[in-house]
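S.K.: Sharing a structure with you now.
The values are calculated or read from the model by the stated rules, or taken from the named source; none is laboratory data. Every value quoted in this text rests on a predicted model; they were computed, and no experiment measured them. Because the Cβ atoms are built from the backbone with ideal geometry, glycine has one as well, and the counts that use them run over all protein chains shown.
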Ligand code: C6P
């Protein structure tokens, strides 16, 4: 065998027909046509194993956790806490107490901003945020900066949507306290060198928060290899439900942080006279009844992902991306945004003479779901003089045939609007 042939046989494979069979929604029709779902970066579809988790929970052991002494409460608590261990393994975190359950990435980032940021930042300090960020990793920092008076400095991107690492290095001063960067850009698909960025940040005594919303569904994540101080992701983008997400934080950091929200579950003792003492991590950051069923279902989603295998999912999505890129590149006047050498399965584009919104609406009539708009990344789009792009994003269950349906539909739609 040639080297190439050997390597090809070593590539992880994915049985896309078997994967598709797990997703009931994929057999529905939209406007009389088979659904081609290419809006996976917004939310991925849900396998039946995850859907069934809800039935099982509500039909068998629905109870509030950490409170009751009865059987149902014990069972619910055990499965919920077991999910923390599943997430720990998924991220290769050192300890399950480093896993905080949140509603999603947005809430996880707000937790870091509200607890770590408020305790550690002051006027004159600097926070570095990349231009590739989703609004979730910009606006919470801006809100706190307005209040505390620290400065936000922007890590620039080049014409391909790649972070300028030279500029990144030069942005550091003795006042830099934190870097906020996504692992994968939702708008352009750029995979950022977060391990290298973490090493540079730590070399300057700064912390790093990695927004992993678009990485967790596509590639194995190892928070210890990255040496991330904080890492956030959302369940609904990784074949899980909405309403459940994760903040990973290094134990020492979480322990030193004040609580964020107050309420039940996050206390040890409460007294009007003696004040309140707080629960140990991670419960200190989980005030109130959490989304129990959703968290449990997220655990099932992660088991499903691990069953298929992230290396296989990532490799398959690269094939889909390559095929889609080749097909749409043949369209006259179509420009792809985001041409980083290291890209996840996201294809953003604009077409001369055709507004993104019109393309999105018309292509839906042909059964194809893509996202159009600013993708909550207005600062990035502004650099390219744009207020919207079309974005097709891929998942484990998409097929090469679906890419062809999408490309043919796109041809047709552009012909209609031009
Ligand atoms: N991006 C998209 O279509 P939430 O809403 O909390 O689950 O995730 C927010 C978020 C944070 N960071 C990144 C990189 C993201 O992509 C998202 C969500 C969706 O691109 C909805 S705007």
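S.K.: Is it fair to say residue 410 is in a helix (DSSP H, G or I), in the same structural domain as residue 15 (by TED's automatic domain parsing) and away from the ligand (no atom under 16 Å from the Cβ)?
M.R.: So residue 410 passes the test.
S.K.: Do you know which residues across segment 387-418 are over 23 Å from the mean Cα position of the chain (by Cα) and within 15 Å of residue 372 (Cα to Cα)?
M.R.: 406, 410, 413, 414
S.K.: Out of the residues in segment 174-189 meeting the condition of being within 15 Å of the ligand (Cβ to nearest atom) and assigned to a loop (DSSP other than H, G, I, E, B), tell me which one is nearest to residue 211 (Cα to Cα).
M.R.: 183
S.K.: Turning to a different aspect of this structure: Can you confirm whether residue 225 is part of a helix (DSSP H, G or I), assigned by TED's automatic domain parsing to the domain that holds residue 129 and either more than 11 Å from the ligand (Cβ to nearest atom) or touching a residue at least 60 places away in the same chain (Cβ under 8 Å) (or both)?
M.R.: Yes, satisfied.
S.K.: Hey, another quick one. Considering segment 12-54 alone, what residues qualify as being within 18 Å of residue 320 (Cα to Cα) and more than 16 Å from the ligand (Cβ to nearest atom)?
M.R.: Those that are within 18 Å of residue 320 (Cα to Cα) and more than 16 Å from the ligand (Cβ to nearest atom): 12, 13, 14, 15, 16, 17, 18, 19, 20, 26, 35, 36.
S.K.: Scan segment 275-318 for residues that are on the phi > 0 side of the Ramachandran plot and free of Cβ contacts under 8 Å to residues at least 60 places away in the same chain and jot them down.
M.R.: Of everything in segment 275-318, those that are on the phi > 0 side of the Ramachandran plot and free of Cβ contacts under 8 Å to residues at least 60 places away in the same chain turn out to be 275, 288.
S.K.: Go through segment 374-418 residue by residue and tally those that are surrounded by 15 or more Cβ atoms within 10 Å (Cβ to Cβ) and either free of Cβ contacts under 8 Å to residues at least 12 places away in the same chain or at positive phi (or both).
M.R.: Of the residues in segment 374-418, 2 are surrounded by 15 or more Cβ atoms within 10 Å (Cβ to Cβ) and either free of Cβ contacts under 8 Å to residues at least 12 places away in the same chain or at positive phi (or both).
S.K.: Considering only residues that are buried (at least 22 other Cβ atoms within 10 Å of the Cβ) and part of a helix (DSSP H, G or I), look in segment 81-106 and name the one that is nearest to the ligand (Cβ to nearest atom).
M.R.: 105
S.K.: So, one more: Within segment 8-66, how many residues turn out to be part of a helix (DSSP H, G or I) and either more than 25 Å from the chain's Cα centre (by Cα) or closer than 24 Å to residue 311 by Cβ (or both)?
M.R.: Matching residues across segment 8-66 total 21.
S.K.: Just name the residue that is farthest from the ligand (Cβ to nearest atom) out of those in segment 235-248 that are over 18 Å from residue 314 (Cα atoms) and in contact with a strand residue (DSSP E or B) (Cβ under 9 Å, 6 or more places away or on another chain).
M.R.: Top of the filtered list is 248.
S.K.: While we're on this one: Would you confirm whether any residue within segment 296-317 is over 16 Å from residue 217 (Cβ atoms) and touching a helix residue (DSSP H, G or I) at 6+ places or on another chain (Cβ under 7 Å)?
M.R.: yes
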